[in-house]
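Remarks on the structure that follows.
Coordinate-derived values only; no laboratory data. In this text the structure is predicted, and so the values were computed from the model without any measurement. No Cβ is skipped: glycine too gets one built from the backbone with ideal geometry, and neighbour counts run over all protein chains shown.
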Amino acid sequence: MRSAGRALRGAQGDGAAMAGGTGLPSLEELEVPEVRVSSAVLKAAAHHYGSQCDRPNKEFMLCRWEEKDPRRCLREGRQVNQCALDFFRKIKVHCAEPFTEYWTCIDYTNLQELRRCRKQQAVFDNCVLEKLGWVRPDLGDLSKVTKVKTDRPIPENVYHSRPRPEPNPPIEGELKPSPYGSRLFFWSW
C-alpha cells in the first residue's frame, strides 16, 4: 500500500523536467468520451461521485505524482473518465428526477449555494440510498488521508532517487550577538 499524498516518497521538487524522450501519444490513445455536464451538476453529484469513484481518482493522482509525466497515466485517466460516465448513467437511470430538481435548484440559486437546496438534496440522497445503496459520506470523509493499494510498480525515476542533500556543516568559531540587535524587526519601541 502506498500513501496518496505528498509525503509518499519524500517531497522532491515539483518543477522537475520530464525524463526520457518526448514521444507523444497518438490521437487514438487520447480519444475518450467526454463527461458533458455543467458545474451545477458536478456540484450536486460531488459527494456521491467522490465516494463511488474514490479508488480510480486516487490511483490517477498517485500515478501523476509519482511519474511526473502525464503520458504514463493515460490508462488511469481513462479509468477515471469511465467511472464518471458510469456514475452519471446510473444516476440518470435510477434517480433522474430528484437529481434534476437538486442540480436545477443549485443552478438557480445565487453563487450555487448548497444550503438553499437542502430539501431537494434530502430527496436525492434518499433516492440514491434506496435504489443504489449509496450512503452520502459525512462531511470531511473524502478529504482524509488514505492509502492506495496499487498494482503499478514503483517507478524508476531519477528525480525520486536523488541523494539527500548534505546537512549544514557545523559552525566553526564563536557566534557573537549583533551589536545593533535583531535585524528581523525594523522598528523598535
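Structural remarks
- Long-range tail of P(r) for the range 45-84 (Cα pairs > 12 Å, %): 54 percent
- Surrounding net charge for H47, when Lys and Arg each add one and Asp and Glu each subtract one, Cβ distance under 10 Å: -1
- Hz values of 3J(HN,Hα) by residue in the range 131-137 - Karplus curve (6.51, -1.76, 1.60), Gly and Pro given as x: 8, 10, x, 8, 9, 5, x
- Ordering of 136-143, 98-105 by burial proxy (mean other Cβ atoms within 10 Å per residue, highest first): 98-105, 136-143
- For the cross-link pairs K43/K119; K92/K144; K68/K92; K58/K131; K43/K90; K68/K147, the ones whose C-alpha atoms lie over 24 Å apart are K92/K144; K68/K92; K58/K131.
- Less than 5 angstrom separates the built amide H of V148 from those of R2, S3, A4, all sequence-distant by 5 or more or on a different chain.
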